[in-house]
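The values are calculated or read from the model by the stated rules, or taken from the named source; none is laboratory data. As the structure is a prediction and not an experimental result, all values here were calculated from the model. Cβ atoms come from the backbone with ideal geometry, glycine included; neighbour counts cover every protein chain shown.
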Amino acid sequence: MKHYLQLLAARIPAGRYRHCLGVADTAADLAVKHGADAEQARLAGLLHDYARDLPPAELLDLAEQAGCITCDLERRLPVLLHGPVGALLLKRDLRITDPAILQAVARHTVAAPAMTALDKIIYLADMIEPGRQFAGVRAIRQVAAADLEAALLKAMEASIIYVLDKGQPLHPATVEARNYILLARGGF
């Protein structure tokens, strides 16, 4: 883990590094509470923003080369690609081969239907780590301790509201992920 901490500290700005440490700790805590692998969650949480500070043109180029662009919105807002591109770089550059970690990193930004427990934990930890301060974050943190999916729904809804308030389009995967959970829970 120390090796990854050093690599990350050299790669990203100090504020993002603190965020990644918070996500790693939050992810490990959530994993313990919800029966997932805490070390796997810690590593995925630590490295989830590995590609976040790449220039948009580089994110787009890497995503196009890898064939991981899923919709036109990603071409218009390449920052949405930092999860999938990050997973590619973790595999290529850091030789991380655990498919669960790579998938959780790839899905942490816009989510996906049929997310695994680790996917959910990383998405949620990214939103509720201690450095995050937004209306409703405390309530999401409280729910996360008891019900991972209910907290995930609240987090997705907060994200959707944020994007709508900015007048931006919603990523279809986020809408599909939310609908998938609602249908699975029978909660509407």
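State all residues of the range 110-165 that are outside any helix (DSSP H, G or I), touching a helix residue (DSSP H, G or I) at 6+ places or on another chain (Cβ under 6 Å) and of a type in the set (D, E, K, R); if no residue qualifies, say none.
129 - this is the single residue of the range 110-165 that is outside any helix (DSSP H, G or I), touching a helix residue (DSSP H, G or I) at 6+ places or on another chain (Cβ under 6 Å) and of a type in the set (D, E, K, R).
If you check residue 41 against the conditions, is it within 25 Å of residue 140 (Cβ to Cβ), among the small types (Gly, Ala, Ser), touching a residue at least 24 places away in the same chain (Cβ under 8 Å) and assigned to a loop (DSSP other than H, G, I, E, B)?
no
Does residue 62 count as more than 14 Å from residue 48 (Cα to Cα) and modelled with pLDDT of 95 or more?
Judged against the criteria, residue 62 is a match.
Looking at the range 8-20, I want the residues that are more than 13 Å from residue 46 (Cα to Cα) and have a partner that is part of a loop (DSSP other than H, G, I, E, B) with Cβ atoms under 8 Å, at least 6 apart or on another chain. Which pairs are those?
The qualifying pairs are 13/53.
Checking the condition under 24 Å from residue 42 (Cα atoms), surrounded by 19 or more Cβ atoms within 10 Å (Cβ to Cβ), over 15 Å from the mean Cα position of the chain (by Cα) and at pLDDT 95 or above, which residue from 121, 101, 128, 140 passes?
From the options 121, 101, 128, 140, the qualifying one is 140.
With the condition kept exactly as written, say whether any residue in the range 56-75 is surrounded by fewer than 19 Cβ atoms within 10 Å (Cβ to Cβ) and within 13 Å of the chain's Cα centre (by Cα).
No, the range 56-75 contains no residue that is surrounded by fewer than 19 Cβ atoms within 10 Å (Cβ to Cβ) and within 13 Å of the chain's Cα centre (by Cα).
Report yes if residue 106 is surrounded by 17 or more Cβ atoms within 10 Å (Cβ to Cβ) and hydrophobic (A, V, I, L, M, F, W, C), otherwise no.
Judged against the criteria, residue 106 is a match.
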